[in-house]
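Asks: Could you have a look at this structure, given as structure tokens, before my questions?
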């Protein structure tokens with residue numbers, strides 16, 4: 001038996017009797033897609049947010065109905081002063097036809 005010191009002292013020569021290693025099974029080459037660009041553009045999100053915000057604002061600004069606080073003020077004024085001096089739209093009246101008007105007036 002040879003000692004390990006003897007083996008270490010031998011020069012390492014290339015062996016002619018051994019060939020290079022060849023893999024018996026070949027693995028398929030993996031083709032990856034090009035890396036996607038990082039999407040950091042915030043403009044589409046800002047535009048969508050502005051549209052979502054502007055729709056209710058448009059309807060609030062262009063509505064001709066008084067808000068609930070104005071309705072409360074109108075009700076309070078009616079409670080204090082009555083409805084004698086109010087000028088109402090005749091279309092709001094429950095009397096829609098001449099027959100209903102004659103029946104109301106008793107003619």
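The values are calculated or read from the model by the stated rules, or taken from the named source; none is laboratory data. Everything numeric in this text was worked out from a predicted model, so none of it was measured. Cβ atoms come from the backbone with ideal geometry, glycine included; neighbour counts cover every protein chain shown.
Asks: Assuming residue 99 fulfils every condition listed in (1) loosely packed, with under 10 Cβ neighbours inside 10 Å; (2) over 31 Å from the mean Cα position of the chain (by Cα); (3) in a loop (DSSP other than H, G, I, E, B) apart from one, which condition is it?
Replies: Looking at each condition in turn, residue 99 falls short on (3).
Asks: What number of residues within the range 1-45 are under 55 Å from the mean Cα position of the chain (by Cα) and either modelled with pLDDT under 60 or in a loop (DSSP other than H, G, I, E, B) (or both)?
Replies: 20
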